[in-house]
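Report on the structure given below.
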Amino acid sequence: MTINERQDELVEEFSMFDDWMEKYEYIIDLGKEVEGLEEPKKTEEFLVKGCQSRVWMIPAFSQGKLHFEADSDAIITKGIVGMVVRVLSDNTPAEILDADLYFVDKIGLREHLSPTRSNGLVSMIKKIKTYALIYSAKE
Amino acid sequence: MFLVQYSNMNTTPLNIDKIRKDFPVLHQEVNGYPLVYMDNAASAQKPQLVIDTISHYYSYEHSNIHRGVHHLSAEATVKYEAARKTIQEHINASFDHEVIFTKGTTDGINLIANGFRGILSSGDEVIISGLEHHSNIVPWQMLCEYTGATLRVIPINDIGEIILEEYESLVSERTKLVALNHVSNTLGTINPVKELIELAHKKGAPVLLDGAQALPHMKVDVQDLDCEFYAFSGHKLYGPTGIGVLYGKEEWLNKLPPYQGGGDMIKSVSFEKTTYNELPFKFEAGTPHIAGALGLKAALDYCNQPEIGFESIGQYEGELLDYAMKQFESEGLSGDMEFYGTSKNKASVISFLLKGVHPYDTGTILDKLGIAVRTGHHCTEPIMDRYEIPGTVRASFSFYNTFEEVDRLIEGLKRVKKMFG
């Protein structure tokens, strides 16, 4: 599936919810489903600095594709982190660099990607793009 | 209509309905719900009088102050200096030139920290407490780094109070300054500042108080406290942002060098020698925030009107705090909550966590319900480290909050509990 197909799939999943309450309950469920990282892996090295909630992300590169694992200490953030990973992980660096993450807006979660939100999400996406840039240069 | 009858009848019952009408920002919906604003410790809302004063100033009265011979400049100067006078009277400073206009509390603390560069040297000590806001930590760390002095920190106990015995053993002849908050922004603890100041004075150390969280809730008398410096912000006191006050005893302000150089702070300038202006202008380089000073005066005038008054404000906010704590209990929420800062003597600030729920998650859902609280470390990371938590949820009440709004908070928390439980 392409990045946009994955985004459209998420938009579709969220379209069945009428109010914010159901939407957030779904995000919380998604957050709970994210496997997350084992405690020893949550090191300073992989910490994406956010002021309020913390995000950890570990990249791996194999067979031309970037793979990500991520976690957060806040469930709502973890749910959204999980969605970002679902959309961007296992794509080529070039595809990731070109990606326009419109699903966040379409689902109605734009507020969580505001730089003032200080939840680590904006920094996480920046970091993913930076990894993509580094690996695209290596290719 | 909320007419609150207090047990202590020395205070006027506040007409909360009427007061709320004076704050236009409160009358709006957020996410489809009537706004409940409980982030007052971060910044308080402004009464119409403050907004009108600023608007009127820029519409009809603006000009630069202190230098012009023309009508507008003279008028603006009179108003700016009248604002200083109002503040002097409000905090009971001995002279109006002991009132320095600053950008805010942080600016005032930095002014003093900068002034102490020439006073401190290696072997000297500065004492702060474990309750301080970053703005009353970092300037002192910078000062100590610059001078080689040592920063000492008074530890706090489990309920968020300064441990007096520890303080007594820390303060000594080496102590060159004690810098403490009057009221903790995160935990609400009201420090026994008079006692703390007395102890410092016994060893000859001057005291700076960070009063950012005190002025909004109580009447402060700097002469009675006998502190050397007292800093506070306009925006937490229902006034504008970008304006604050540093009070300093005349002898101390005269002793310290200017903070910034520029216009207004000089008596004469030549390339060979510049002589500095007298107090308070020595510390007010450049064109000041004139509208801000006028707005701050308006905020104090508003709060000091006979039917309001800071005694009544503090009393009513205390009632809100007691009501909230009682309702948490009777609505069966207390068992799921962890409270931080439970000193008997505290301002209307409740810092807590819903057990097992990250503060970011709690804050996000409350926001969706139109309830504004603060989440995170509240610029007091050492307090979070003390309790080994990532942050708290902080609801801080002001005198325009209502008992019904406290109920809304409780309903909101029940919902959060259900969603994350």
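The values are calculated or read from the model by the stated rules, or taken from the named source; none is laboratory data. Just so it is clear, the structure is predicted and the values come from calculations on it, not from any experiment. Every residue, glycine as well, gets a Cβ built from its backbone with ideal geometry; the counts of neighbours run over all protein chains shown. The accessibility values were calculated without ligands, DNA or RNA, using every heavy atom of the protein model including side chains. Shrake-Rupley method; radii C 1.70, N 1.55, O 1.52, S 1.80 Å.
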With the structure loaded, tell me whether B:Tyr360 is among the aromatic types (Phe, Trp, Tyr), in contact with a helix residue (DSSP H, G or I) (Cβ under 8 Å, 6 or more places away or on another chain) and closer than 30 Å to B:Gly32 by Cβ or whether it fails that test. yes
In segment B:375-410, what residues are away from every other protein chain (no Cβ under 12 Å), small (Gly, Ala, Ser) and not in a loop (DSSP other than H, G, I, E, B)? B:Ala395, B:Ser396
Checking A:Gln52 against (1) open to solvent by 30 Å² or more (accessible area, probe 1.4 Å); (2) in a loop (DSSP other than H, G, I, E, B); (3) away from every other protein chain (no Cβ under 13 Å); (4) of a type outside the set (Gly, Ala, Ser), which single condition isn't satisfied? (3)
Can you say whether B:Val416 is β-branched (Val, Ile, Thr) and under 29 Å from B:Ile313 (Cβ atoms), as far as the supplied structure shows? no
Those residues of segment B:143-194 which are part of a loop (DSSP other than H, G, I, E, B) and more than 20 Å from B:Ser348 (Cβ to Cβ) amount to B:Gly148, B:Ala149, B:Pro155, B:Asn157, B:Asp158, B:Ile163, B:Val171, B:Ser172, B:Glu173, B:Arg174
Mind checking whether some residue in segment B:349-362 is touching a residue at least 12 places away in the same chain (Cβ under 8 Å), within 14 Å of another protein chain (Cβ to nearest Cβ), open to solvent by 60 Å² or more (accessible area, probe 1.4 Å) and in a helix (DSSP H, G or I)? no
Could you check segment B:354-381 and list, in sequence order, the residues that are modelled with pLDDT of 95 or more and within 24 Å of B:Leu215 (Cβ to Cβ)? B:Ala372, B:Val373, B:Arg374
Kindly provide the set of residues from segment B:309-364 that are under 24 Å from A:Ala74 (Cα atoms) and either in the same structural domain as B:Leu187 (by TED's automatic domain parsing) or basic (Lys, Arg) (or both), ordered by number. B:Lys355
So is B:Phe328 touching a residue at least 12 places away in the same chain (Cβ under 8 Å), open to solvent by less than 20 Å² (accessible area, probe 1.4 Å), more than 12 Å from every other protein chain (Cβ to nearest Cβ) and in contact with a helix residue (DSSP H, G or I) (Cβ under 6 Å, 6 or more places away or on another chain) or not? yes
Only one of these conditions is not met by A:Glu111: (1) in contact (Cβ under 8 Å) with a residue 12 or more places away in the chain; (2) within 12 Å of another protein chain (Cβ to nearest Cβ). Which number is it? (1)
Qualifying residues in segment A:20-49 (those that are closer than 30 Å to B:Tyr33 by Cβ and open to solvent by 40 Å² or more (accessible area, probe 1.4 Å)) - the one farthest from the other protein chains (Cβ to nearest Cβ): A:Glu33
